[in-house]
């Protein structure tokens, strides 16, 4: 009996590390992306929005992809083409109240980035909307500019 337990304890870590999701990968959230999310969350809380507002890894992945496309000239800076990423998200989960904000900035400070986002027409209304999910993607181009995508939506739990 002790041998079986010992064997199980030896094999268990290998089994845990070999488990992946269905597409074989996972989303890595960069520190700057998480800091921007926290800055947005604190902004919402400072304005009385204390309900759930989570960093949604599926949305982070799509925001990262869109930022990558902007940084590499595959799509122009703006919201043209972001619908493709919402379609991908909607195939996986039922999001609504969908909004996106994009920004090109030399700053890597989350509070400065939030200030720049708030200068976009309608951004304040979007950030204070009926939302529960957030995904931030940041990609840096060869000149050091940050391409920021913020995807926001509501999802029922």
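Here region 27-45 and region 83-157 have alpha carbon centers that stand 10 Å from each other.
Normalising the average separation of contacting C-alpha pairs (under 8 angstrom, six or more residues apart) by the number of residues puts the relative contact order of region 27-154 at 39 percent. Is the shape of region 115-157 rounded, prolate or oblate, going by the alpha carbon gyration tensor and its root eigenvalues a ≥ b ≥ c, with a/c under 1.5 for rounded and a/b larger than b/c for prolate? Note, shape of region 115-157 comes out oblate. Working from label points 7 Å from Cα in the Cα-to-Cβ sense, the residue 96 to residue 49 distance is 1.7 nm. Look at 121, 67, 108, 39 and count the other Cβ atoms within 10 Å of each Cβ; fewest to most, that gives 121, 108, 39, 67.
Using Cβ counts within 10 Å as a stand-in for footprinting exposure, how do 125, 149 rank, fewest first?
Working: 125 9, 149 28.
The fewest-first ordering by Cβ neighbours comes to 125, 149.
Taking a ≥ b ≥ c as the square roots of the eigenvalues of the Cα gyration tensor, region 70-149 is classed as oblate, since a/c reaches at least 1.5 and a/b does not exceed b/c. Cβ crowding within 10 Å ranks 75, 148 as 75, 148, fewest other Cβ atoms first. Please label the shape of region 20-157 as rounded, prolate or oblate, based on the square roots a ≥ b ≥ c of the eigenvalues of the alpha-carbon gyration tensor (a/c under 1.5 means rounded; beyond that, a/b larger than b/c means prolate, else oblate). It comes out rounded by the Cα gyration axes.
Values quoted throughout were computed directly from the atomic coordinates according to the rules given, and no laboratory measurement underlies them. The shown structure was predicted, so the numbers you read here are calculated from the model rather than taken from an experiment. Every residue, glycine among them, receives a Cβ derived from its backbone with ideal geometry; neighbour counts consider all protein chains shown.
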